[in-house]
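Undergrad: Take a look at the following structure, please.
Please treat every number below as a calculation from the coordinates, not as lab data. Fair warning: this is a prediction, and the values are worked out from it, not measured in the lab. A quick note on method: Cβ atoms are made from the backbone with ideal geometry, for glycine too, and the neighbour counts reach across all protein chains shown.
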Amino acid sequence: MKPTNKPMKRLSLYLFLILFTLPTPSQADDISDFEIEGISLGDSALDYFSKQEINKRIENKKFVKYPRSDSYYGMSFRNKDFFNTYDFVKIHMKKNDKKFKIVGVSGFINYPNNFEDCLKERKKIVKEVEENFTINSSRDYTDKFGGKGGKSIAYITDFNFVSGGAIRIWCTKWDKQNKNTKNWIDDLNVGVSSKEFLDFLQNEAY
């Protein structure tokens, strides 16, 4: 993994560490202004990760596949030396795209014993997005899942952009069974997706 040398001219999101700063006094309209660990939609994954590293994951089948289509795939990366905020970052790309353009990126932070802190941080990020971006529409809701009775729960906020892209911010509290059998940890997820990737998820992936 190699660090990026791009100038910090886009909006950066560093939870706990740095407040939002805008490139202009006005709100940002372009969803590509939203960064997670310096990574934005439309960037090439090769700006951050080596081609060898990406191809090795593909060869070893260490990537996210979708049930009904393999048109897009995702990869997770962990690097404490490179990532300032998140425990790991997941990027999504289109199959056979030689430029490895990023169409979706998410950052995850684990909250093993303090879920209330996750909810507080989610609330802060939601407020910062509302104050610094021009949003077309938004939705705040909860979703219960994880088998009969919905024992796991997610607290979710979705922001939709005029461009068709979206930002989703949510905290997941896993039920005891998933925690004990799968070692899943309560976490905060901040994700941004392009219109093309959202269309794939809604119409082809599942």
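Undergrad: Straight-line reach from LYS80: which aspartates and glutamates fall under 20 Å, measuring Cα to Cα and dropping same-chain residues less than 8 apart?
TA: GLU35, GLU37, ASP47, GLU53, ASP186, ASP187
Undergrad: Oh, and also: Among the listed pairs LYS56/LYS179; LYS95/LYS195; LYS144/LYS182, which have their C-alpha atoms separated by more than 22 angstrom in this model?
TA: Going by Cα-Cα distance, LYS56/LYS179 fall outside the 22 Å limit.
Undergrad: If each residue of separation counts as 0.36 nm, what is the full-extension length gain between SER138 and ARG68 once their alpha-carbon separation is subtracted?
TA: Net length gain for the segment: 22.4 nm.
Undergrad: Could you tell me the center-to-center distance, by alpha carbons, between the stretch 184-205 and the stretch 86-156 in angstrom?
TA: 8
Undergrad: On a straight-distance basis, which aspartates and glutamates could pair with LYS94 in a cross-link, Cα separation under 15 angstrom, same-chain partners fewer than 8 positions away excluded?
TA: Candidates past the 8-residue exclusion: ASP43, ASP70, GLU196, ASP199, GLU204.
Undergrad: Over the chain, calculate the relative contact order: mean separation of alpha carbon pairs under 8 Å at least 6 apart, over the residue count, as a percent.
TA: Once divided by the residue count of the chain, the mean separation gives 20 percent.
Undergrad: Could I ask something else about it? At q = 0.08, 0.18 Å⁻¹, what log₁₀ I(q)/I(0) does the chain have when each alpha carbon counts as one equal point scatterer in the Debye sum?
TA: Cα-only, vacuum Debye calculation for the chain: -0.27, -1.51.
Undergrad: Pop a pseudo-label 7 angstrom from the Cα along the beta-carbon direction at both ASN203 and LYS94 and give the gap in nm to one decimal.
TA: Result for the modelled spin labels: 1.3 nm.
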